[in-house]
1. Taking Gln111, is it assigned to a helix (DSSP H, G or I), of a type in the set (S, T, N, Q) and without any contact (Cβ under 8 Å) to a residue 60 or more places away in the chain?
2. Spot the failing condition for Arg100; the list is (1) touching a helix residue (DSSP H, G or I) at 6+ places or on another chain (Cβ under 7 Å); (2) part of a helix (DSSP H, G or I), and only one is missed.
3. Taking into account only those residues within segment 77-111 that are open to solvent by 30 Å² or more (accessible area, probe 1.4 Å) and among the hydroxyl-bearing types (Ser, Thr, Tyr), which is nearest to Asp136 (Cα to Cα)?
4. Out of all the residues in segment 49-69, is one or more assigned to a helix (DSSP H, G or I), more than 27 Å from the chain's Cα centre (by Cα) and modelled with pLDDT of 85 or more?
5. Given the conditions (1) small (Gly, Ala, Ser); (2) within 21 Å of Asp162 (Cα to Cα); (3) open to solvent by 50 Å² or more (accessible area, probe 1.4 Å), report the number of the one that Ser61 does not fulfil.
6. Within segment 126-135, does at least one residue satisfy the condition of being of a type in the set (Gly, Ala, Ser) and surrounded by fewer than 18 Cβ atoms within 10 Å (Cβ to Cβ)?
7. Restricting attention to segment 40-48, does a residue exist that is more than 30 Å from Lys145 (Cβ to Cβ) and surrounded by 15 or more Cβ atoms within 10 Å (Cβ to Cβ)?
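The values are calculated or read from the model by the stated rules, or taken from the named source; none is laboratory data. Nothing here was measured: the structure is a model prediction, and the numbers come from that model. Positions of Cβ are backbone-derived with ideal geometry, glycine not excepted, and every protein chain shown enters the neighbour counts. What goes into the accessible areas is simple: the full protein's heavy atoms, side chains included, and nothing from ligands, DNA or RNA. Shrake-Rupley method; radii C 1.70, N 1.55, O 1.52, S 1.80 Å.
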Amino acid sequence: MSPTIRRMLWGAFIGLAVLTAASVALTIIVLQMEQRNEYEVLQQSRPLLDAVRKMDESLQSMISATRGYLISGQTAFQQQYDDAVRQYGTQESLAREQLRDPRDPRDQRDQNTIDKFHQHFAEVKELTDEQIRLADTGRPEDANKAKELMLEAARKRRAAPDYEDLLTER
């Protein structure tokens, strides 16, 4: 084989190796930048996600306390209920504070999700408040109505989307 052809082949091989190494390096750099960007977004969103998770936990505690009160009649469950309602309000305020720019489409979607969660909370709270009021009357027919309301609250809770998951996925 002629030395010029050999030089051309080696030059092409070296050129291919250099281009391959450059493309691998560029790919690694892009992936690292993307990972860093994703980490920053996650760190910025963590307080919002934590607040929504605690809102969900507060709603669950509220429903549980109401059920405990209906079954046992112990006033300790009313205190637990009041604490859960208070915690929900605090966490909702924190979640709303985390939304930075109302003109940003992501923040608008998050705001809409929190608004829908609040509507769901208000519906469930109305049912649980009525359950407690009916349980306090002590009449058997009111106790049956309170149990029906308990089932209705459970249906509403099951039918509602998982707001924490919605925000996490977004």
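1. Working: assigned to a helix (DSSP H, G or I): yes; of a type in the set (S, T, N, Q): yes; without any contact (Cβ under 8 Å) to a residue 60 or more places away in the chain: yes.
Yes; evaluated as a whole, the condition is true for this residue.
2. With (1) touching a helix residue (DSSP H, G or I) at 6+ places or on another chain (Cβ under 7 Å); (2) part of a helix (DSSP H, G or I) applied to Arg100, the lone miss is (2).
3. Step by step, filter segment 77-111, then rank; the result is Thr90.
4. Initial filter on segment 49-69 (assigned to a helix (DSSP H, G or I)): 49-69.
Those left that are additionally more than 27 Å from the chain's Cα centre (by Cα): 69.
The next check asks that each one be modelled with pLDDT of 85 or more; those that pass are 69.
Among the residues of segment 49-69, at least one is assigned to a helix (DSSP H, G or I), more than 27 Å from the chain's Cα centre (by Cα) and modelled with pLDDT of 85 or more, which makes the answer yes.
5. That leaves (3) as the condition not met.
6. Checking segment 126-135: not a single residue is of a type in the set (Gly, Ala, Ser) and surrounded by fewer than 18 Cβ atoms within 10 Å (Cβ to Cβ).
7. Here is the first cut: in segment 40-48, the ones more than 30 Å from Lys145 (Cβ to Cβ) are 40-48.
When the remaining residues are screened for being surrounded by 15 or more Cβ atoms within 10 Å (Cβ to Cβ), the result is 45, 48.
So far as segment 40-48 goes, yes, one or more of its residues are more than 30 Å from Lys145 (Cβ to Cβ) and surrounded by 15 or more Cβ atoms within 10 Å (Cβ to Cβ).
Table: residues versus (1) without any contact (Cβ under 8 Å) to a residue 24 or more places away in the chain; (2) more than 26 Å from Gln44 (Cβ to Cβ); (3) not hydroxyl-bearing (Ser, Thr, Tyr); (4) not in a helix (DSSP H, G or I).
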| site | (1), (2), (3), (4) |
| --- | --- |
| Asp107 | yes, no, yes, no |
| His120 | no, no, yes, no |
| Leu127 | no, yes, yes, no |
| Met150 | no, yes, yes, no |
